[in-house]
1. Just add up the charged neighbours of ARG199: K/R +1, D/E -1, any other residue whose Cβ is under 13 Å from the Cβ of ARG199.
2. Among rounded, prolate and oblate, which fits the range 50-153 when a ≥ b ≥ c are the square roots of the eigenvalues of its C-alpha gyration tensor, a/c under 1.5 means rounded, and a/b larger than b/c means prolate?
3. Averaging sequence separations of C-alpha pairs under 8 Å and six or more residues apart, then dividing by the length of the range 48-161, give the relative contact order as a whole percent.
4. Please list, ordered by chain and number, the residues whose modelled amide H lies under 5 Å from the amide H of SER57; skip anything fewer than 5 residues away on the same chain.
5. For the pair GLU154 and ALA196, what calculated FRET efficiency results from E = 1/(1 + (r/R0)^6), where r is the Cβ-Cβ distance and R0 = 41 Å, to the nearest 0.05?
6. Using the charge dipole of the range 124-207 (Lys, Arg: +1 at Cβ; Asp, Glu: -1 at Cβ; taken about the Cα centre), state which of ASN155, GLY177, ALA195 has its Cα farthest towards the positive end.
7. Around ARG104, under 13 Å between beta carbons, what's the net of Lys plus Arg minus Asp minus Glu among the other residues?
8. Using the per-residue mean of other Cβ atoms lying within 10 Å as a proxy for protection, in what order, highest first, do the peptides 30-43, 185-198, 143-156 fall?
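Please treat every number below as a calculation from the coordinates, not as lab data. In this text, all values refer to a predicted model and were calculated from it rather than measured experimentally. Cβ: placed from backbone, ideal geometry, glycine included. Neighbour counts: every protein chain shown.
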Amino acid sequence: MKPTRLVLIPPHADLPAPFMVIAADGGVLQRGELAPHAAERPEAMRTVAVCPGPDVSIRWLDLPAGGGAQLRAAAAWRLRDDLATTPDRVLTVVGPPAAPDRPRPVAVVGDGLLQAWSDYLEGLGDRADAIVPDDLTLAEPEEEDVLTAVRFGENMALRGRGFAATVQPDLADHVAGGRRVIAVEDRSEVERALAAAARSPMINLLDGGAREAGIGKAGWRGAVVLGLAALASPLLLTAASAMRDDLAARRLQAEAVEAIAAEAPELSREADPVWALRRRAASAIASAARPASG
């Protein structure tokens with residue numbers, strides 16, 4: 001088996017991407033960073049990219065037997081009430097069960113966001129053979145009442161039996177729901193988990209069939225906002241509501257204002273751009289519903 005490059009996709013498109021080159025036996029041959037649009041292109045090899053877990057919704061579902069398309073359709077139908085967007089804007093990917101009678105992991109991701117990640121990797125001079133969420137790079141713990149936790153940037157990936165999510169660290173205990181959270185801080189142990197995921201990804205988001213039309217690096221920020229809005233797990237939404245996370249609320253407000261400024265610059269000068277946008281939308285709906293005169 002030839003070496004594999006594992007690339008960690010950063011939270012913003014203007015940041016470099018850390019990478020490791022992993023040997024067939026799991027050893028690390030090289031570490032470094034790939035910079036967007038650098039003059040020197042990386043060596044061509046099999047590449048597995050690790051994407052930010054908060055942008056991917058993961059469930060474990062009991063699904064009927066069937067081929068890839070049938071399984072994806074069945075999973076999408078089961079999750080229809082959990083999505084805040086239409087099915088044509090997301091991709092559903094079904095992974096293999098851990099055992100014949102176990103539920104299958106199912107990942108849902110915005111198609112525009114997945115394309116943006118692919119565009120970013122191409123800007124690095126690379127092309128992903130697989131893209132896996134960071135929380136699915138962790139091994140499933142043997143104990144039912146344990147969650148393994150690893151920091152990825154500002155977020156914390158959690159992995160349990162039939163459970164995976166990436167959250168803000170201050171929400172980890174709340175999301176754990178009474179399970180013990182065991183943090184893995186040893187770098188070599190984290191690298192072993194990443195190496196194992198690179199050699200055999202538990203799920204590959206590219207198996208959902210990414211759209212051909214890219215949105216480019218400039219559209220990444222908007223895609224992230226849409227992905228977060230469309231794919232937020234009901235569990236995480238409940239946790240955020242219960243915690244009344246003011247910091248997260250301010251950040252989401254800032255992202256909303258930034259998105260409004262990009263699409264409707266005149267509204268960004270209002271005292272409350274979000275309210276101004278809602279007022280405009282309400283006015284448009286009222287006008288559309290008003291019977292034509294004459």
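1. Details: positive: LYS2, ARG5, ARG46, ARG192; negative: ASP25, ASP129, GLU191.
Taking every Cβ under 13 Å from that of ARG199, the sum is +1.
2. Details: a/c = 1.74, a/b = 1.15, b/c = 1.52.
Oblate shape, in that a/c is at least 1.5 and b/c is the bigger or equal ratio.
3. Here the relative contact order equals 28 percent.
4. When sequence neighbours closer than 5 places are left aside, the close amide H contacts are VAL108.
5. Details: r = 24 Å, r/R0 = 0.59.
Step by step, r from the Cβ atoms, then E = 0.95.
6. About the Cα centre, the residue reaching furthest to the positive side is ALA195.
7. Values: positive: ARG59, ARG72, ARG78, ARG102; negative: ASP62, ASP101, ASP207.
Summing Lys and Arg as +1 and Asp and Glu as -1 gives +1.
8. Order by mean packing, descending: 143-156, 185-198, 30-43.
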